[in-house]
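Below is one structure, written out as structure tokens, with a few remarks after it.
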Amino acid sequence: MSSAIEEVLNRYGEGGRDQLIPILQAVQEADGHLSRAAVMAVARHLRLPPSKVFGVATFYNQFRFQPKGRFHVQVCRGTACHVKGSAAVLESLKRALKIEAGQTTKDGLFSLEVVACIGACGLAPVIAVNGEFHAGVAPDRVTGILNAYRRRAK
Amino acid sequence: MSTIEVNGRTVQADAGEMLLAVLRREGISVPTLCHMEGMLPTGACRLCVVEAEGVPGLVPSCAFPVRDGLKVQTHSPRAVQARKTIVELLLANHPDDCLYCARNGDCDLQDMAGELGVRQRRYSGGHWDPKVDLSSPAIVRDPAKCILCGRCVRVCEEVQSVAAIDFVGRGTGARVSPAFHAGLNVSNCVDCGQCIKVCPTGALTEQSRFKAIFDAIHNPAKVVVVQHAPAVSVTIGEQFGLKAGTDVAGVLNATLRRLGFDQVFDTSFSADLTVMEEGSELLARVANGGTLPMFTSCCPAWVDFLEQEYPDMLGHLSSCKSPQQMLGAVVKGWWARQAGVDPANVFMVAVMPCTAKKYEAQLPNMLTDGDPDVDAVITTRELARIIRMRGLDLATTEPEGPDTPFGERSSAGKLFGASGGVMEAAVRTAHFLATGKELDMPRMQAVRGLDGVKEARIDIGGTSVGVAAVSGLANARRLVEEIRAGRSDVQFVEVMACPGGCINGGGQPIRCGKDAIKARMQALYSIDRDAKLRCAHHNEQVKRLYEAFLGAPLGERSHHLLHTTYGARRAEY
Ligand code: SF4
Ligand code: SF4
Ligand code: FES
């Protein structure tokens, strides 16, 4: 177990089951994602079966189970972006990266996350890569945007 | 008492009772999916909805307490239409492969669709083609057939306190799965099969390996030996329309021969052998200050559970192998040579009420000198399937006896099929071994019946021994915790993972009610009541085996063939 996780569990002490979500949040904060080892450690700590902890964690969009990629892509699926076609943008991102939302590409370069509203409705449909906003993204622009980051990584 | 009106008829009900219970008592059938007898209602599936006067919307009868003057319509057009729509939605992404499904003809979903008159696909859901989980030696999970009723999740957590599976994800992405979408083999599943018994569809079934058995039967070089467990003969009749609790042991012997098995033995024989070994072990532990209480070890799901959850308590487990394994070991380790057969050519098949026995048979510590004691395990359900495949009919088959020497059994061995039975059988023999006198107790009422926890005190040669028989792993967990915390008034604990014991095992018929389980239990008690040979230590063939080969219980040969060791085990997701 990483010391970061250990530190979180120590901080929460002998808490009850109601501590599950705050602990998961703190572990993700410290570790960037919820690894299997982390889920197992939390389960042991709270004396809960791992299936329960995993079940609860997967119920919430906020938890991710793979480390973030070097470029973390957030796709806004809020109302304004939806109206402007963000579903198609998400689809083309998934296809281009060959991953689902919540996952990370094998080379560790990109990870994909769906967010509710990013607060930039005027730019809809919008995506953010490591916090850089791309406005009015059409599905066919996705590859170009990703390639720009790939070049940056070289 | 409340008086209510159902479909215009006056009906009496207890105040506060759930409406569904009243309807069932009155013989009014309303389909249910998430409802589970004896558990708190969740009201999740809405299939049981009915119309209640003065209540807006439909109400779920499983979670609707009756009150005086209540008026309900169970089959109003609105209620029926609502149910039908629910089933149609469940079918929207269900694979339409009933013909190829293990549950064809034995499926709640199929029945409901039929009863509600679903004749066409009105909704089409997204295509989903998940992998079937074949990783476990005992349980197969086909997520495509899962309708998310949650029954397996509840049994596994509430009855077994294992919680190997749970809901994962949400909304249209929700699934039932072990943690991390892992295979059951690496999860903490103990292969008890209780989830199979409650699953309304073919999403959970047992691993079937018929081919290996048929190959052996058709191979002239192989001597195929079969054993049937105590619970099987009082159950399998149900699958052929006989009344629950009918004992068909003789017909079963005859049928197994017709299927091509060369030798038909009775696992109750090796249950008697287990009693000799385990009774002696108990007395030795008492005499030598060994670890007490001693836990029985004939239920592999329980052994697996203890190895995973309480490795510090493994010293309590009897070192005896289970009757299934013992019989395999003496068939290959002794009988074969006596019969002039090369043990390598013996193929040992076990018919069990159990799925965990499939797991047990393939364990590395269940090999003797590198060869498995038991080569293949099939459940009661699978045997019924094989019998049907061969077009045999139990009703018209004349009974036959089992083969010697391992066909002889005491009724004590037969009692192994019910919770409390191992205890009762072992105590009879332990008493005799300790005092040279028979236990003056025709039956141990305190450890009989379907209760999950049964305790008693008995006197063995002046020593008062506390005994407990528990079934359902949640009950076992509670008792183990008590013992770990210092409880010291029990010396002998019997655990069976399945509620009520093997008669309600994970390999037994699906969709049977509590009455059938009671009837099977009663059948075992009747066999014991009427038997002349009621104690393991009077089984002539057991005595002969000791004289001719084993020596004394707990002796060197017993140790080699009939005993085993345990080790901590942890789910490795
Ligand atoms: S076999 Fe038993 S332990 Fe395994 S998932 Fe099913 S109910 Fe749970
Ligand atoms: S596997 Fe079967 S019992 Fe479990 S949720 Fe799915 S349909 Fe229900
Ligand atoms: S059986 Fe009543 S809601 Fe499922």
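The values are calculated or read from the model by the stated rules, or taken from the named source; none is laboratory data. Here the structure is a predicted model, which means the values were calculated and not measured. Positions of Cβ are backbone-derived with ideal geometry, glycine not excepted, and every protein chain shown enters the neighbour counts. Calculation scope for accessible area: heavy atoms of the full protein, side chains included, ligands and nucleic acids excluded. Shrake-Rupley method; radii C 1.70, N 1.55, O 1.52, S 1.80 Å.
State, in angstrom, two size descriptors of segment B:323-479 derived from its alpha carbons: Rg to one decimal place and Dmax to the nearest whole number.
For segment B:323-479, the Cα-based Rg and Dmax read 19.0, 56 Å.
Could you pull out every residue, at least 5 positions away or on a different chain, whose amide H is within less than 5 Å of the one on B:HIS563? Hs are placed 1.01 Å off N in the peptide plane, and Pro or chain starts have none.
Placed amide hydrogens put B:LYS321 under 5 Å from B:HIS563.
Taking square-rooted eigenvalues a ≥ b ≥ c of the alpha carbon gyration tensor, is segment B:398-523 rounded, prolate or oblate, where a/c under 1.5 means rounded and, failing that, a/b exceeding b/c means prolate?
Values: a/c = 2.23, a/b = 1.13, b/c = 1.96.
Cα axes put segment B:398-523 in the oblate bin.
For helix B:473-484, what angle does its Cα long axis make with the longest principal axis of chain B, in degrees from 0 to 90 and rounded to 10?
Once rounded, one gets 50 degrees.
Whole percent per 20 Å bin, from 0 to the bin with the longest distance: what is P(r) over all C-alpha pairs of segment B:211-562?
Spelled out per bin, shortest first, that is 33, 60, 7.
What Kirkwood radius, in Å to one decimal, follows from the Cα pairs of segment B:153-208?
Computed over segment B:153-208, the radius equals 11.8 Å.
What do you reckon, how do A:LYS84, B:LYS145 stack up by accessible area (1.4 Å probe), largest on top?
A:LYS84, B:LYS145
Provide the three semi-axes, in whole Å and in decreasing order, of the ellipsoid equivalent to the protein assembly as shown as defined by the square roots of 5 times the Cα gyration tensor eigenvalues. Could the numbers behind the result be given before it?
Numbers: eigenvalues 506, 207, 139 Å².
Result for the protein assembly as shown: semi-axes of 50, 32, 26 Å.
Out of the GluC sites (Glu not before Pro) in segment A:30-132, which ones are loop residues according to DSSP with at most 16 other C-beta atoms within 10 Å?
Details: sites: A:GLU91, A:GLU100, A:GLU113, A:GLU132; in loops: A:GLU100.
Sites meeting the loop and neighbour criteria: A:GLU100.
What spacing in nm lies between the two simple spin-label points modelled at B:ASN7 and A:ASN130, each 7 Å away from Cα in the Cβ direction?
The answer from the label model is 6.9 nm.
Can you give the Rg to Rh ratio of segment A:71-153, both from alpha-carbon atoms, with Rh computed by the Kirkwood formula? Walk me through the numbers on the way to the answer.
Numbers: Rg = 11.5 Å, Rh = 12.4 Å.
Radius of gyration over Kirkwood radius for segment A:71-153 works out to 0.93.
Give me the log10 of I(q) over I(0) for segment B:467-551 at q = 0.11, 0.15, 0.16, 0.20 Å⁻¹, as the Debye formula computes it from C-alpha points; what are the numbers?
-0.52, -0.85, -0.90, -0.99
In Å³ and rounded to a whole number, note down the convex hull volume per residue for the Cα atoms of segment B:107-176. Display every interim value, and only then the final one.
Values: hull volume 9.2 nm³, N = 70.
Per residue, the Cα convex hull of segment B:107-176 comes to 132 Å³.
Using a 1.4 angstrom probe with every protein chain in place, what is the largest-first accessible-area order of B:SER322, B:SER124, B:SER280, B:SER208? Write out the running numbers ahead of the final one.
Details: B:SER322 0, B:SER124 100, B:SER280 20, B:SER208 50 Å².
Descending order: B:SER124, B:SER208, B:SER280, B:SER322.
If you split all Cα-Cα distances of segment A:48-117 into 10 Å bins from zero, what percentages do you get per bin, shortest first?
20, 43, 29, 7, 0
Restricting to DSSP loop positions (anything but H, G, I, E, B) with no more than 15 other Cβ atoms inside 10 Å of their own Cβ, which chymotrypsin sites (Phe, Trp or Tyr not before Pro) remain in segment A:5-88?
Filter output for segment A:5-88: A:TYR60.
Please report, in debye to the nearest 20, how large the charge dipole of chain B is about its Cα centre when each Lys and Arg carries +1 at its beta carbon and each Asp and Glu carries -1 there. Don't jump to the answer; show the numbers that get you there.
On the way: 61 positive and 65 negative charges, 229 e Å.
I would put it at about 1100 debye.
Packing-wise, with mean Cβ within 10 Å as the measure, how do A:143-152, B:30-39 rank, highest first? Mind dumping the intermediate values first?
Details: A:143-152: 13.0, B:30-39: 18.3.
My ranking of the peptides, most packed first, is B:30-39, A:143-152.
When the gyration tensor of segment B:358-405 is built from Cα positions, what are the square roots of 5 times its three eigenvalues, in whole Å, from largest to smallest?
Square roots of five times the eigenvalues give 30, 16, 7 Å.
Could you tell me what a quarter of the Cα convex hull surface of segment A:113-154 works out to, in nm² with one decimal place?
3.2 nm²
If you rank A:SER35, B:SER61 by how much accessible surface each has, with a 1.4 Å probe, what is the order from largest down?
A:SER35, B:SER61
Can you list the equivalent-ellipsoid semi-axes of segment B:277-411, largest first and in whole Å, using the square root of 5 times each Cα gyration tensor eigenvalue?
Values for segment B:277-411, descending: 31, 19, 16 Å.
Using Cα pairs under 8 angstrom and six or more residues apart, how large is the relative contact order of chain B, in percent?
16 percent
Apply the a/c threshold of 1.5 to the C-alpha gyration tensor of segment B:187-285 and tell me whether it is rounded, prolate or oblate.
Values: a/c = 1.37, a/b = 1.08, b/c = 1.27.
It is rounded, given that a/c, with a ≥ b ≥ c, falls under 1.5.
Taking a threshold of 23 Å on the Cα-Cα distance, which of the pairs B:LYS357/B:LYS532; B:LYS131/B:LYS514; B:LYS211/B:LYS358; B:LYS211/B:LYS514; B:LYS243/B:LYS357; A:LYS52/A:LYS106 fall above it?
Going by Cα-Cα distance, B:LYS357/B:LYS532; B:LYS131/B:LYS514; B:LYS211/B:LYS514; B:LYS243/B:LYS357; A:LYS52/A:LYS106 fall outside the 23 Å limit.
With a 1.4 Å probe and every protein chain left in place, tell me how much accessible area A:ARG36 has, in Å² to the nearest 10.
Estimated to the nearest 10 Å², A:ARG36 gives 110 Å².
In Å, what Rg and Dmax follow from the Cα atoms of segment A:3-59?
So, for segment A:3-59, Rg and Dmax equal 9.8, 26 Å respectively.
How tilted is helix B:380-389 with respect to the longest principal axis of chain B? Cα atoms for both, answer in degrees (0 to 90, nearest 10).
Rounded to the nearest ten degrees, it is 80.
Obtain the radius of gyration and the Kirkwood radius of segment B:1-55 from its C-alpha atoms and give Rg over Rh. If you can, show how the numbers build up before the last one.
Working: Rg = 11.5 Å, Rh = 12.2 Å.
Radius of gyration over Kirkwood radius for segment B:1-55 works out to 0.94.
Provide the FRET efficiency to the nearest 0.05 for the A:GLN25-B:HIS559 pair, computing r from the beta carbons and using R0 = 45 Å.
Rounded to the nearest 0.05, the efficiency is 0.25.
Please report, in debye to the nearest 20, how large the charge dipole of the protein assembly as shown is about its Cα centre when each Lys and Arg carries +1 at its beta carbon and each Asp and Glu carries -1 there.
Working: 81 positive and 77 negative charges, 475 e Å.
Rounded to the nearest 20 debye, it is 2280 debye.
List, in order, the whole-Hz ³J(HN,Hα) value for each residue of segment B:168-178 obtained from phi through the Karplus relation with A = 6.51, B = -1.76, C = 1.60 and θ = phi - 60°; use x for Gly and Pro.
Each residue's phi maps through the Karplus curve to give 10, x, 8, x, 5, x, 5, 9, 9, 6, x Hz.
Are there any chymotrypsin sites (Phe, Trp or Tyr not before Pro) in segment B:78-160 that are in a DSSP loop and have at most 15 other Cβ atoms within 10 Å? List them by number.
Hits after loop and neighbour filter: B:TYR123, B:TRP128.
Does segment B:91-219 come out rounded, prolate or oblate by the C-alpha gyration tensor, with a ≥ b ≥ c the root eigenvalues, rounded set by a/c under 1.5 and, if not, prolate when a/b is larger than b/c and oblate if not?
Oblate.
Looking at segment B:138-171, which residues lose a minimum of 30 Å² of accessible area between their chain alone and all protein chains in place, measuring with a 1.4 Å probe and not counting ligands or nucleic acids?
Checking the loss per residue gives B:GLU157, B:ALA163, B:ASP166, B:VAL168, B:GLY169, B:ARG170.
If one takes the longest principal axis of the Cα atoms in chain B, at what angle in degrees, from 0 to 90 and to the nearest 10, does the Cα axis of helix B:421-435 lie?
Between helix and principal axis, roughly 20 degrees.
Which value at 222 nm does chain A reach when only helices count, each DSSP H run of 4 or more adding -39,500 (n - 2.57), with the total divided by all residues and rounded to the nearest 500 deg cm²/dmol?
One gets -14000 deg cm²/dmol as the mean residue ellipticity at 222 nm.
Restricting things to alpha carbons, tell me how big chain A is in terms of Rg and Dmax, in Å.
Answer for chain A, Rg first and Dmax second: 17.5, 52 Å.
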